[in-house]
Structures are given as structure tokens and as C-alpha cells.
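Accompanying notes for the structure given below.
The values are calculated or read from the model by the stated rules, or taken from the named source; none is laboratory data. Since we're looking at a predicted model, the values are computed, not measured. Here the Cβ is made from the backbone with ideal geometry for all residues, glycine too, and neighbour counts use every protein chain on show. Note: areas computed on protein heavy atoms with side chains; ligands, DNA, RNA excluded. Shrake-Rupley method; radii C 1.70, N 1.55, O 1.52, S 1.80 Å.
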Amino acid sequence: MKSEKSAKRFLNSEVARLIYSAVFLIVVAYFMTLFQQLSDKRWLGSDTKNPLRDLGFEAFPFLSTFSIADALVMSLFGITLVALTIISRRLPKIIIFWRRVFWLTGLLYFYRAFTIITTTLPPTKDCVPVVANSFGEMMKVATYMIIGSDKACTDNIYSGHTMIVTSSVIMWNIYTRVKWFKLYALLHAIAALYTIIASRLHFTVDVLLSLFITYAMYCIYFSLVRAAMLEKYPGAITNLESEQDDQYQSVAHTPHILNRHLVSVVRWMDGIDLRLKAKANEMTLPTTVDMSHA
């Protein structure tokens, strides 16, 4: 009985859920790369072989290699993961950080698999896809794609490189308040995005869509984290209070509330300030008593 209880306890532990998130990411990565191969096969049978016209391609000087973009993207992601792991310090917070990386990356790749397969764009440059003739061969090619040995030709919408860059910048903004770190991540990201387009690694629309979709996914996830936390800590409704509340942060691990700088903007856009002012005026209006009924 003790072993059974300990097994159940482990299956519902922080470490077990970290493992679940990692397995989810791996499964989704294979799922996406299989869809990439199917998209390449469909492109081979289409009449659209030439790259589409692109304003970014026309505006930016051409870089003849993908290696610069790959290096900038992966270096930013690597620095982000290592640095924020160190900044998290305590093991429970490190587990929370990595679990979020796995879940969010997996969710973004899962959605990306469908955007790739539904609309097949031609490659941005001359490309010869790897064609597999059986499911076993497709899984082998998928493994090579995951480790970077092989590349698909039509995995355009939306840009996975941009997704990684955007995720890195967002994570810096969530987990640290040091402005210089955030500025470095932003400048590194801008350089990476420039080379992604200049090297013709992705169409500009792939990059723009990836910026928005990645940001939206993080906003949704962390707004739900905050909603779940406020059920337990309703006193942390004020952004500043919850950021400085050690008890709240020991559970939430969101040192900087995502989008707190946009709260005042949305308040104005939605007219919340006007409604609150009107409600306050209603509450402070003097009441009159009908003396005839006294």
C-alpha cells in the first residue's frame, strides 16, 4: 500500500508534471514535422514553385546564408534558458519555469502544425525537400528535422524562429525586473528578426504572424495563471502588491505581471475609467427625504 501511495504521490508531483510537459513537447514536435513533410509533398504536386513577392525581401539587403539567423535565434534562446534558470535560484521555481517553457512551446508548435498544413506556401528560396515513402521513413526524417540535420521547404506560416525569439523576450520581461537584461534581449531579438527576413528564411508575413500568435499565447496562459492565483489570493488583485508579495510569488512565480503596462491603456480604450467615475458619483449623490411622508 505504501508503494502504491508513493507512486500516486509522484504521479501528481511537480517533477511528474515537468515530465508530462516535456513528453508533450516531444510528441508535438514529431506531429509538426510530419505535417511539414506532408506540406512539402503537396507543394511538389502544385504549380506554384517560385517564391512570392515580399516587401521585406525587397527592402532588406540579401544574406546568402541561414546560419547567421540560426545562430542569433539559438544563442538568444540558450542564453535566456540558462540565465533565467539561474535567476530562478530555488528548485521549485526552476521546475515551474521549465514546465512553462515546455507547455507553451508545445502549444505553439501544435498550432503551427495546422497553419503549415492548411496553407502551403512555396519556399522562400530554391529548395529540394526530403521525400519519405513510408511512415517509418517519415519518422526518421522527422527526427533529423527536430535535431536540425534536415530542413523542410514549406514550413513557413508561422515562423518557428520568430516564435523562439519572441518567447525569449517575453520570458525576460516576466522573470526579471532588470532593465538592462530586457534591453539586451530586445536588441538581440531585433537583430535575429532582421536576419530571418534578410536571409529569406521566412516570408515577412510568417514573422509578423508569429510575433502576434506567440504574444497572444503567452498572454492567454499567464492571464489564466493570474486568474487561478486570484481565487486563492484575492488580496493580490493589485498588480504591484502581487509582484512584491513573497507568499504570492512563492506559488505564482511571475515576478513581473505580463501586460501590466497596458492596463491603463485598455482602461481608457474600454471606458472603464468613465464608468467607475459615474458609479462613484452615483454613490456620493445626496439623498432627499420626502417630508410629506414624515
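Summary of values
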item: Any hit, segment 78-90, residues being touching a Lys or Arg at 6+ places or on another chain (Cβ under 7 Å), over 23 Å from Ser149 (Cβ atoms) and in contact (Cβ under 8 Å) with a residue 60 or more places away in the chain; result: no
item: Test for Asp155: is it under 22 Å from Arg200 (Cα atoms), among the charged types (D, E, K, R) and open to solvent by 60 Å² or more (accessible area, probe 1.4 Å); result: no
item: Matching residues, segment 109-145, being farther than 13 Å from Phe35 by Cβ, in contact (Cβ under 8 Å) with a residue 24 or more places away in the chain and open to solvent by 80 Å² or more (accessible area, probe 1.4 Å); result: Val128
item: Qualifying residue in segment 160-169 (condition: part of a loop (DSSP other than H, G, I, E, B), buried (at least 22 other Cβ atoms within 10 Å of the Cβ) and at negative phi); result: no
item: Members of segment 187-227 that are part of a loop (DSSP other than H, G, I, E, B) and under 17 Å from Pro255 (Cα atoms); result: none
item: Failed item, numbered, when Thr154 is tested on (1) farther than 15 Å from Asp40 by Cβ; (2) at pLDDT 90 or above; result: (1)
item: Test: residue in segment 83-98 that is open to solvent by less than 20 Å² (accessible area, probe 1.4 Å), assigned to a helix (DSSP H, G or I) and under 30 Å from Pro122 (Cα atoms); result: no
item: Some residue of segment 228-235 being modelled with pLDDT under 70, of a type in the set (Gly, Ala, Ser), surrounded by fewer than 15 Cβ atoms within 10 Å (Cβ to Cβ) and not in a helix (DSSP H, G or I); result: no
item: Subset of segment 6-48 that is of a type in the set (S, T, N, Q), in a helix (DSSP H, G or I) and within 21 Å of Ile95 (Cβ to Cβ) - its residue that is most open to solvent (accessible area, probe 1.4 Å); result: Ser6
